[in-house]
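Every number in this text was worked out from the coordinates using simple rules, so none of it is lab data. Since the model is a prediction, treat every value here as computed from it, not as a measurement. In this analysis, Cβ positions are derived from the backbone assuming ideal geometry, glycine residues included, and neighbour counts consider all displayed protein chains.
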Amino acid sequence: MPPWQWATLVGLSLLPALVLAFDGTRFWQLLVLSLSTWLWLVWPSVGARRRTLQLVLAGAIGTSFLIDAGVRGFLWQTYGALPDSSMVVTALANTSAIEAREFVLAYWPGMLTWALLSLSSMGLLALLLSRWRRVATRQSAAPRGNWPTILLLTILLMLAVALSIKPWRKFHPLVFWPGWTKQIVATRANWNNAHLQRADLARRASEQRPSLSANGPDTMVLVISDSVNRQHLSLYGYPRQTTPRLAARQQHDGKSFKAFRHAWSSDASTIPALDKLFHFGEPAGVPRHHLLALASAAGYQTWWISNHDDLAVDLQHAQLARHRTMLNKVPGRSAASLDRAVLPVLEEALRYGDGKTRKLIVVHLLGTHPHYRLRHPPENAPFKGAQDHVVKQLEQNGRSARTRELRNDYDSALHFHDHVVDQTLTLTRRYCKNAGWLFVSDHGQEVGSVSDHAGHSASSADGYRIPLLIWGAPMRDVPDPLLNRPIRSDWLGHSLTRLLGLQWAGYRPERDFLAPDYRWQPPRHPVRIDYLS
Ligand SMILES: [Zn+2]
C-alpha cells in the first residue's frame, strides 16, 4: 500500500471519536479541520529525519483532536455544555482540589468511557503512523494521475477555507484550547475581583438604608429580552401578527397593562446595556449601586433565571441574586436553548415561600437574538417563506433575498417569543395576589428596515428601539399621555425602585418616567434619533 493510502487511514482513525462527540454541522467542520492532521502525510519528506518530524507533528495534531473530542463528548453528554460555556468556565475557575476529586468520583463512568474512546483511537493512530513511515520512501511518494490530484486540491482548498473562517477555525483544538486556558486563568483572576465588587455593592446598598412601603408588590417579575425591536410587534402597530397574545391582553386588560411607546436602549449590545440598566445609568468607574443589591438590602429575595450563557452577565449581575438558575450552557449565537425553558423555573420561584416573602425575579431571555431561526421551534414558523406586503415592501426597498428571509425568520421568532413572554405574565398572575411585571429588551435590532442588514446595529435607530410593557396595579393610575414620554433603559432602575415600593437616598425623580418631575434628556447615541418615532 502506498503512503497516501496509509495517510488516509490515519485520517479515518479520527472518525469514530468525531462521529460520537459532534453532530450536525459541527461534525463536518471538525472533519474538514482534521484534514490538517493527515493531508500532508500524502507527500512524505525525502529525508528520514524530516519524515520523523512529519510523523511526530501529525501524531500531535491528531492526538489534540482526539482529546478534544473526548472532553467535549463528555461535557455534552453529562451537562449539555460546551467547554467555554459560563457554567464550565466559572466552575473550573472556582474549583478547589477537593471539589475536583469529588467531581471525578461522581462522574467517573462517563469520563472513563470517553477516555477509553480517545485512548483507543490514539493507539490506532500511532499504529497507522508507524505503518506510514515504513512505506514512505522516495519511490512511492504522492499519488499520480489526474483524479487524485484534483481530489487532493479540492480537499486542500476546503481546509484553507475552513481555517480562514473564524467561527470554524476556533474549533480547531490547537486554536481553541490555548485560548480556553487563558480564559480560565483570567476568570480565576477576575473571580476574586468580582467577589469583592459584589461584597462592596452589598455594603453600599445597606448603607443606603433602603426601606419598603407596605403597599408595594409582593412579587416583581422583570423580564429582560434580547434584540427585540418594538417596531416589529403588532402590539405597537406592525402589520404582521407577531404578538397576538400580548395584544389580546392589552385589549382585555388595558387599564393595568401598559405599552410605553417610545422606549430606547442606551446601547446596541447586551453587556453595556445591562450594565447601565442595573446600575441606574451610572458609568463604570464611579461608585454606583446595583438594583439587585439594593432590593436585597431592602428585604426582597432575589432570583436570576437565565436562558443566556454569558460569563460577564453571570459575574456582574446573576451572581448577586440569592437564587440563580442558568439554563443555557452554550455561549454565543449558536445556542439553541429555547426561552420556554425558563417557564417551569419561574413557576417554582413564584410558588416559593410562605406568601410573605417579597420577591424580585429577573428572567433573562435570549429573545430574538441571532440566529433568529434558533429562537423558535421549527414547527412554529408562521412567516416562513411568506410573500406578503411586508416582503413586497422590502423588495421594493431593494433588500436582498437573504435579508428578506431573515426578516421572515425574525418575525417567526417574535411570534414564538410572544407566547413565552405572555406565559411569564400568566404565571405571575396565577401565583401572586399583588404582583408587578415588567418586560423590556436589552437593545433593538435592525432587520432590513434602514439598510440591507440584519443584526445588531449601533448606527441606526432600530438598534436602540425597544419595547417596554408594564402590568400591575400602579398602571391603573398612569394617564395615557404619559405613555408617549420618551424613555431610556439606563434610567429604568429609578422607575423600578418606585414599582418595587423601595425608598432609598439615591432615587432621582427626574430620571423616573413614572414621576411627575421626570425630565427627559436624550442619551448619547452615535446616530441622530427622533426619540418620538
Ligand atoms: Zn443583546
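Listed values, structure above:
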| item | result |
| --- | --- |
| With Cα atoms, 0 to 90° folded angle of helix 146-164 axis to the chain main axis | 30 |
| Assigned charges on the beta-carbon of Lys, Arg, Asp, Glu; segment 185-231 dipole about Cα centre (debye) | 160 |
| Karplus-derived 3J(HN,Hα), 6.51/-1.76/1.60, for each residue of segment 276-290, Hz, glycine and proline x | 6, 4, 7, 9, 6, x, 7, x, 4, x, 9, x, 9, 10, 10 |
| Extreme residue, positive dipole direction of the chain, given options A136, A413, S213 (C-beta unit charges) | A136 |
| Counted charge near R519, where neighbours are those whose Cβ lies closer than 12 Å (Asp, Glu -1; Lys, Arg +1) | +1 |
| Pairwise centroid distance, computed over Cα atoms, of segment 26-51 with segment 403-463, Å | 46 |
| Centre separation in Å (Cα based) which lies between segment 467-481 and segment 148-195 | 49 |
| Proxy reagent accessibility, fewest Cβ within 10 Å first, across I184, I466 | I184, I466 |
| Rounded Å value of the spacing that divides the Cα centres of segment 498-531 and segment 201-235 | 14 |
| Other-chain or far-sequence residues with amide H under 5 Å of V228's (modelled H) | T368, D442, H443 |
| Residue pairs, from the table K258/K384; K166/K384; K356/K433, whose Cα atoms sit over 22 Å apart | K258/K384; K166/K384 |
| Per-residue Cβ neighbour rank within 10 angstrom, fewest leading, H417, H252, H317 | H252, H317, H417 |
| Helix 24-33 axis, angle to the chain major axis (alpha carbon atoms, nearest 10°) | 40 |
| Under 5 Å, built H, 5+ apart or other chain: amide partners of W304 | H323, R324, T325, V362 |
| Farthest toward positive dipole pole in the chain [+1 Lys/Arg, -1 Asp/Glu at C-beta], among A298, L14, L360 | L14 |
| Computed magnitude of the charge dipole of the chain (debye, nearest 20; Cβ of K, R +1, Cβ of D, E -1) | 1040 |
| Signed unit charges on C-beta, dipole axis of the chain, positive-most listed residue P167, G47, S256 | G47 |
| The chain - share of DSSP beta bridges that are antiparallel (%, nearest 5) | 35 |
